[in-house]
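Structure, as structure tokens:
The values are calculated or read from the model by the stated rules, or taken from the named source; none is laboratory data. The structure presented is a predicted model; accordingly, all values stated were derived computationally and were not measured. Neighbour counts run over all protein chains shown; Cβ positions are idealised from the backbone, glycine included.
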Amino acid sequence: MTNSDSRDAPGMLSRALQSIAMKKLPALWALLVWATPAWAASELTVYQLLAPSTHAFDIVYDVTVTREGSAYFFNPIRPGSTASKESAIDLATGKPLALATVKGRDAKASGGVAANTADDAGFLRITLLQPVPKGAETRIRILKTYTDEPSYHATETGFVFDRPLGIMRNVVVLPKGYELAGSRSPGIVSTDADGRIRISFFNDRDDQLPVRIVGRKLP
């Protein structure tokens, strides 16, 4: 190495490190792009639409409870919807979980909802198998059937499902014998093994995603 090369060694090292960083940048960026949603994607709701004449749909809601010491999880009951066939399980063990319908005032007293929650708001209270340990989390599944005519109703040619969805990941499964005729929000369309159409929505907004699906009865 010449004296000139020796004097420029720090600069050469800096440029070499910078070159390596630039080469690895796409991989690092890809890692960040895929890893970021993983932290916020613990919630998933699947809506399985029943016959349009019933105005009913089954809901499967998976969620992770992360707050240390939490003994309950409070699932809000949307106004205007009639809930039935409610149940909940612990996904790690498969054991059933006790549940009850409570008002907002009771949920606030347990510290499980925001302080500005309305006292008369309805919640489904799920009792966890044990309070969430420090540094751990509890994954649960809630199942229920909602009947809501304004959100889901039959038309002359099929049906309309019109329901804003608040969480990040949502899936709507059309009733058997119907095809997708239109969707207000973009989604990924696929077909289940039984032939039913499935539409997956990703909500990256800071508010509710306006979902309006038009279905058409197959001949």
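Report the residue count in the range 77-94 for those that are farther than 23 Å from residue 64 by Cβ and without any contact (Cβ under 8 Å) to a residue 40 or more places away in the chain.
Qualifying residue count for the region: 0.
Tally up the residues in the range 165-182 that are at pLDDT 95 or above, within 22 Å of the chain's Cα centre (by Cα) and assigned to a loop (DSSP other than H, G, I, E, B), please.
2
Going through 180, 128 one at a time, which residue ends up being touching an Asp or Glu at 6+ places or on another chain (Cβ under 9 Å), surrounded by 14 or more Cβ atoms within 10 Å (Cβ to Cβ) and either on the phi < 0 side of the Ramachandran plot or among the small types (Gly, Ala, Ser) (or both)?
128
Which ones in the range 151-161 are part of a strand (DSSP E or B) and of a type outside the set (Gly, Ala, Ser)?
The answer is 152, 153, 159, 160, 161.
What are the residues in the range 37-90 that are under 12 Å from the mean Cα position of the chain (by Cα), modelled with pLDDT of 95 or more and farther than 20 Å from residue 128 by Cα, if any?
Across the range 37-90, the qualifying residues are 46, 47.
How many of the residues making up the range 108-121 are surrounded by 13 or more Cβ atoms within 10 Å (Cβ to Cβ) and closer than 20 Å to residue 80 by Cα?
2
For the range 111-122, indicate whether the set of residues that are in a strand (DSSP E or B), out of contact with any Asp or Glu (no Cβ under 7 Å at 6 or more places or on another chain), closer than 26 Å to residue 76 by Cβ and of a type in the set (Ser, Thr, Tyr) is non-empty.
Within the range 111-122, none of the residues are in a strand (DSSP E or B), out of contact with any Asp or Glu (no Cβ under 7 Å at 6 or more places or on another chain), closer than 26 Å to residue 76 by Cβ and of a type in the set (Ser, Thr, Tyr).
Which of the residues belonging to the range 183-208 are crowded, with 16+ Cβ neighbours inside 10 Å and part of a strand (DSSP E or B)?
183, 197, 198, 199, 201
Would you confirm, using the coordinates I've provided, whether residue 166 is in the same structural domain as residue 99 (by TED's automatic domain parsing) and either touching a residue at least 24 places away in the same chain (Cβ under 8 Å) or on the phi < 0 side of the Ramachandran plot (or both)? Outline the logic, then answer.
Values: in the same structural domain as residue 99 (by TED's automatic domain parsing): yes; either touching a residue at least 24 places away in the same chain (Cβ under 8 Å) or on the phi < 0 side of the Ramachandran plot (or both): yes.
Yes; evaluated as a whole, the condition is true for this residue.
For the range 123-150, give me the residue count where each residue is under 16 Å from residue 71 (Cβ atoms) and assigned to a loop (DSSP other than H, G, I, E, B).
9
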